[in-house]
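Trainee: Here it is: the structure, laid out below.
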Amino acid sequence: MKVRILYILLFLALVSEVFSQSVPEYAFDQKGSLRGAAVGVMVSDVNDGTTLFQWNSDLLMAPASTLKLVVSAVALEYLGADFRFETSLGLTGTGEIVYGVLRDNLVVKGGGDPTMASRLFEANRKDLLPFESWIKTLRGLGVERIEGDLLIDISGFRRWDVPASWSWDDMGNYYGAGPSAINYADNTIRLFFDSPSVESESALLTKAEPLTPGVEWVSEVKSSQINRDLAYVFGSPWDKKRIIRGTIPVNRKNFEVKAAMPDPEMVFGERFRQELIAEYPDFNGKVLVSLEPVEGKIIQYHKSPMLSEICSLLNYESVNLIAESLVTQLAYSNGGYGGHDQGIQMAGRFVSEKITNDPFFLEDGSGLSRFNAFSAKQMNALLLYMQKSQNREVFKNSLPVAGKGTLRSFSMTDFPAQTLRAKSGSMTRVRAYAGYLKCISGREVAFSIIINNFSGSQQEVFMEVREFLKHVRSNY
């Protein structure tokens with residue numbers, strides 16, 4: 001009997017050894033493009049959580065935009081996939097309309113909607129801007145003349161304070177646009193330049209859209225033989241003076257450079273004012289922004305697309321404004337006041353309670369701060385948690401597939417039929433990926449890869465990641 005048991009144990013050990021050797025070892029090349037880099041990797045079976053591969057998986061590193069996975073998960077779990085941002089139109093005072101005349105003020109109360117007039121959704125989305133519907137409602141109430149002003153109430157959200165750990169050369173550019181109670185057109189200004197046919201000459205700033213009342217644009221942009229946008233906008237969020245430095249390609253007309261929008265609530269208000277004038281030519285009210293609550297009789301709500309759709313845009317196009325808006329909305333929904341710091345604290349509590357007991361550092365929602373620090377193991381734990389969530393399908397479907405969104409560089413031949421769903425993240429000397437991968441064997445895995453301070457190019461690091469994911473897909 002003892003001999004039989006011994007044979008069985010030996011057989012099981014042999015089978016285990018053969019199985020463990022069935023997957024070829026994989027080592028990242030840290031003598032080439034990853035020389036000197038910190039590399040953290042973890043791969044797990046999504047069904048039972050078994051760790052299939054790990055490499056420095058406990059290292060805390062800057063995760064760049066893969067941090068948006070944390071924000072997506074927290075928002076879906078706290079707010080729900082069918083959540084919609086709300087912006088209201090109301091009337092101050094009694095709101096009485098006498099012989100077609102409205103003597104009270106119009107008041108727009110912001111609810112933090114980051115999608116109003118967004119250019120990132122498909123074209124001709126009339127549901128993203130409320131002006132036409134609001135004017136129709138006013139007409140339906142019998143309003144023939146408006147004698148009051150247009151008040152923009154942004155009291156529900158704290159005015160945007162840039163996280164202290166953001167880089168100075170980020171905050172003035174479109175991807176550094178911060179959230180407000182009223183957001184408009186992705187809080188982005190489009191600057192248009194004409195450049196001369198020879199390099200190192202001054203480019204001409206011809207126009208800015210939309211118009212930004214009171215903002216001074218100072219251009220120091222030069223022409224260059226480099227065929228890409230290397231112009232950067234400098235200026236703090238509430239500064240009325242913006243400086244554009246760097247280069248754009250030679251011999252261009254209407255070359256577009258995008259900048260963060262100062263005072264999006266004022267731009268929104270001026271645009272609504274113009275729509276009102278088109279309908280009510282005698283309207284001469286002013287646009288006034290209020291940091292204090294304005295009491296009013298609400299006559300209509302404007303609602304954003306559902307959070308499920310917003311999360312898809314967030315992760316497909318990696319929109320920093322949406323990420324920071326969701327962080328602020330967490331606090332607003334929880335306590336009636338949208339403070340970014342309070343939203344970050346809520347997200348941090350979620351990670352501590354649901355994901356990991358180990359240390360991590362959360363500075364913002366977009367991943368722009370280099371003070372954010374997560375490990376590959378912690379990112380993987382988040383993916384495994386969402387695999388069991390009631391919001392699983394919404395969360396996973398919000399991630400781009402190979403050939404789409406921020407995964408455009410991944411070949412659909414290497415990763416066909418939506419076998420790869422992931423969020424990417426990149427900054428100077430940072431590259432990260434996290435998501436789900438269906439292997440040839442039929443197994444589905446969660447993976448996280450975070451690489452910091454590499455010496456090679458972004459393209460070389462991408463190729464390293466691609467080869468690793470091909471290895472995982474073929475061998476697990």
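Trainee: How many residues does the stretch 221-276 contain that are within 24 Å of the chain's Cα centre (by Cα), more than 30 Å from VAL289 (Cα to Cα) and not charged (D, E, K, R)?
Mentor: In the first step, residues of the stretch 221-276 are kept if they are within 24 Å of the chain's Cα centre (by Cα); the result is 228-239, 242, 244, 256-268.
Filter once more, keeping what is more than 30 Å from VAL289 (Cα to Cα): 228-231.
Now narrow it down to the ones that are not charged (D, E, K, R): 230-231.
Total meeting the criteria: 2.
Trainee: Same structure again: Just the residues that are closer than 28 Å to MET463 by Cβ and either outside any loop (DSSP other than H, G, I, E, B) or among the charged types (D, E, K, R) (or both), please, taken from the stretch 354-394.
Mentor: Quick first cut of the stretch 354-394, residues closer than 28 Å to MET463 by Cβ only: 366-370, 372-384.
The answer is ARG370, ALA373, PHE374, ALA376, LYS377, GLN378, MET379, ASN380, ALA381, LEU382, LEU383, LEU384.
Trainee: Which residues, taken from the stretch 442-476, are of a type in the set (A, V, I, L, M), within 19 Å of LYS31 (Cβ to Cβ) and assigned to a strand (DSSP E or B)?
Mentor: ILE449, ILE451 - these are the residues of the stretch 442-476 that are of a type in the set (A, V, I, L, M), within 19 Å of LYS31 (Cβ to Cβ) and assigned to a strand (DSSP E or B).
Trainee: Of all residues in the stretch 156-188, how many are under 17 Å from VAL327 (Cα atoms) and part of a loop (DSSP other than H, G, I, E, B)?
Mentor: Qualifying residue count for the region: 16.
Trainee: Further question on the same structure: Any residue at all in the stretch 466-475 that is within 22 Å of VAL70 (Cβ to Cβ) and either touching a Ser or Thr at 6+ places or on another chain (Cβ under 8 Å) or not assigned by TED's automatic domain parsing to the domain that holds ALA75 (or both)? Please lay out each step first, then the result.
Mentor: We begin by selecting, within the stretch 466-475, every residue within 22 Å of VAL70 (Cβ to Cβ); these are 469.
Now narrow it down to the ones that are either touching a Ser or Thr at 6+ places or on another chain (Cβ under 8 Å) or not assigned by TED's automatic domain parsing to the domain that holds ALA75 (or both): none.
No.
Trainee: Six or more apart or on different chains, Cβ under 7 Å: which pairs go from a residue in the stretch 164-192 that's assigned by TED's automatic domain parsing to the domain that holds TRP238 and surrounded by fewer than 20 Cβ atoms within 10 Å (Cβ to Cβ) to one that's assigned to a helix (DSSP H, G or I) and modelled with pLDDT of 95 or more? Could you list them?
Mentor: Listed by first residue and then by second, the contacts come to TYR175/ASN320.
Trainee: Does the stretch 407-429 contain at least one residue that is in the same structural domain as GLY32 (by TED's automatic domain parsing) and assigned to a helix (DSSP H, G or I)?
Mentor: Yes, some residue in the stretch 407-429 is in the same structural domain as GLY32 (by TED's automatic domain parsing) and assigned to a helix (DSSP H, G or I).
Trainee: Please work out which residue is surrounded by the fewest Cβ atoms within 10 Å (Cβ to Cβ), limiting yourself to the stretch 119-149 and to residues that are within 33 Å of the chain's Cα centre (by Cα) and hydrophobic (A, V, I, L, M, F, W, C).
Mentor: Checked the stretch 119-149; the qualifying residue surrounded by the fewest Cβ atoms within 10 Å (Cβ to Cβ) is ALA123.
Trainee: Just to be sure, is ARG139 of a type outside the set (Val, Ile, Thr), at negative phi and assigned to a strand (DSSP E or B)?
Mentor: Against the criterion (of a type outside the set (Val, Ile, Thr), at negative phi and assigned to a strand (DSSP E or B)), ARG139 does not qualify.
Trainee: Considering only residues of the stretch 265-287 that are in contact (Cβ under 8 Å) with a residue 24 or more places away in the chain and of a type in the set (Gly, Ala, Ser), which is nearest to VAL107 (Cα to Cα)?
Mentor: GLY269
Trainee: Right, here's the next one. For the stretch 193-213, which positions are closer than 18 Å to GLY172 by Cβ and touching a residue at least 60 places away in the same chain (Cβ under 8 Å)?
Mentor: Matches in the stretch 193-213: PHE193, PRO210.
Trainee: Looking at ALA123, is it touching a Cys at 6+ places or on another chain (Cβ under 9 Å) and either under 21 Å from ILE344 (Cα atoms) or aliphatic (A, V, I, L, M) (or both)?
Mentor: no
Trainee: What number goes with the only condition from (1) buried (at least 23 other Cβ atoms within 10 Å of the Cβ); (2) of a type in the set (A, V, I, L, M); (3) within 18 Å of ALA75 (Cβ to Cβ) that VAL394 does not pass?
Mentor: Every condition holds for VAL394 apart from (1).
Trainee: List pairs: first in the stretch 359-373 and surrounded by fewer than 18 Cβ atoms within 10 Å (Cβ to Cβ), second of a type in the set (D, E, K, R) and part of a loop (DSSP other than H, G, I, E, B), Cβ under 8 Å, 6+ apart or cross-chain?
Mentor: What qualifies is PHE371/GLU363.
Trainee: For residues that are of a type in the set (Ser, Thr, Tyr) and part of a strand (DSSP E or B), scanning just the stretch 430-441, find the one that is surrounded by the most Cβ atoms within 10 Å (Cβ to Cβ).
Mentor: Among residues in the stretch 430-441 that are of a type in the set (Ser, Thr, Tyr) and part of a strand (DSSP E or B), the one surrounded by the most Cβ atoms within 10 Å (Cβ to Cβ) is TYR433.
This table checks each residue for (1) in a strand (DSSP E or B); (2) under 30 Å from THR137 (Cβ atoms); (3) not assigned by TED's automatic domain parsing to the domain that holds GLY176.
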| site | (1), (2), (3) |
| --- | --- |
| ILE244 | yes, no, no |
| THR247 | yes, no, no |
| LYS253 | no, no, no |
| GLU270 | no, yes, yes |
| ARG273 | no, yes, yes |
| LEU276 | no, yes, yes |
| PRO281 | no, yes, yes |
| GLY285 | no, yes, yes |
| VAL289 | yes, yes, yes |
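Trainee: Take residues that are more than 30 Å from TYR301 (Cβ to Cβ) and tell me which of the strands (runs of 3 or more DSSP E) falling wholly in the stretch 34-128 contain 1 or more.
Mentor: By residue number, 38-45, 51-55.
For (1) surrounded by fewer than 17 Cβ atoms within 10 Å (Cβ to Cβ); (2) not aliphatic (A, V, I, L, M), each residue gets a yes or a no:
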{"position": "MET42", "(1), (2)": "no, no"}
{"position": "THR51", "(1), (2)": "yes, yes"}
{"position": "SER57", "(1), (2)": "no, yes"}
{"position": "LEU60", "(1), (2)": "no, no"}
{"position": "PRO63", "(1), (2)": "no, yes"}
{"position": "ALA73", "(1), (2)": "no, no"}
{"position": "LEU76", "(1), (2)": "no, no"}
{"position": "SER88", "(1), (2)": "no, yes"}
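The values are calculated or read from the model by the stated rules, or taken from the named source; none is laboratory data. Just so it is clear, the structure is predicted and the values come from calculations on it, not from any experiment. Backbone-built Cβ (ideal geometry, glycine too); neighbour counts: all protein chains shown.
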